[in-house]
Amino acid sequence: MNGKPTSDTPARKSGLKSMLVAPLRELLRASAKLSEYIRRIYSHASLAAHLKTPLPASVVVLGRAIVYGTGQVHFGRDILLYPDLHLETQGPASITIGDGVVISRGVNLVAMAGIFIGAGSMIGENTSIRDANHLREAGVPMRDAGHEARAITIGREVWVGRGAAILSGVTIGDNATVGANAVVTRDVPPGVTVGGVPARPLVSR
């Protein structure tokens, strides 16, 4: 034996593996990009099919969005929607989302009077924005006692942290910030940062 590696030695196998890894890696990357592109197209088409209003082509839909009720959700341009959204409108209410808004995973928007989100605002994960409260009536199950609804307005360039709850009738001014897990029960002036339960001003800009 001359000591040279034969075709089935570990060194030979390692060389073959190295030759195959690079092209296979590039193939998988290309496949992943194609799958992501197809998923986005499907998600956009699925959302559009459940709306009563046009969905601009510039809206990027990264995953499933559930539309419940009348489908009166109005989207601006260049919006980014993460997966697992719940978009609900009842009666004459509508949801209006301005240009350039980012809505993160798991956000719930429920409108029985109306919800408006201004251009450039960002809504954090698992945020709940609901414009109605259940009523209570003696002798009537709560689910049958009706509700009281007042519209919610969120201004331009507002940042809402993850897990926040914005309740009926609230107006949040332009450039305001809502801290994570805050419960917003009253209006927030422009440029003010609020946090806590219930949310209170922390910083003014």
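Details
- Residues with amide H under 5 Å from that of residue 193, placed H, sequence gap 5 or more: 177, 202, 203, 204, 205
- Angle in degrees between helix 10-49 and the longest Cα principal axis of the chain, rounded to the nearest 10: 20
- Paramagnetic label zone (point 7 Å from Cα along Cα-to-C-beta, residue 58; backbone N under 11 Å) in region 72-87: 76-79
- Distance from the Cα centroid of region 104-123 to that of region 182-200 is 16 Å (rounded to whole angstrom).
- Within the accessible area of the chain, the carbon and sulfur atoms contribute 57%, probe 1.4 Å, all protein chains present.
- Of 160, 61, 21, the one that fluctuates the most in a GNM where the chain has Cα springs shorter than 10 Å: 21
- Within region 76-155, the trypsin sites (Lys or Arg not before Pro) that combine a DSSP coil assignment with at most 10 other C-beta atoms in a 10 angstrom radius are 136.
- Taking all Cα pairs closer than 8 Å and separated by 6 or more residues, the relative contact order of the chain comes to 10 percent.
- Pairwise label distance in nanometres, residue 150 with residue 77, each label 7 Å out on the Cα-Cβ vector: 3.6
- Residues considered: 119, 151, 32. Largest GNM mean-square fluctuation over the chain, using C-alpha springs under 10 Å, is found at 32.
The values are calculated or read from the model by the stated rules, or taken from the named source; none is laboratory data. What you are looking at is a predicted structure, and each value in this text was computed from that prediction instead of being measured. All Cβ positions, glycine included, derive from the backbone under ideal geometry; neighbour counts span all protein chains shown. Please note that ligands, DNA and RNA were not included when accessible areas were found on the heavy atoms of the full protein model with its side chains. Shrake-Rupley method; radii C 1.70, N 1.55, O 1.52, S 1.80 Å.
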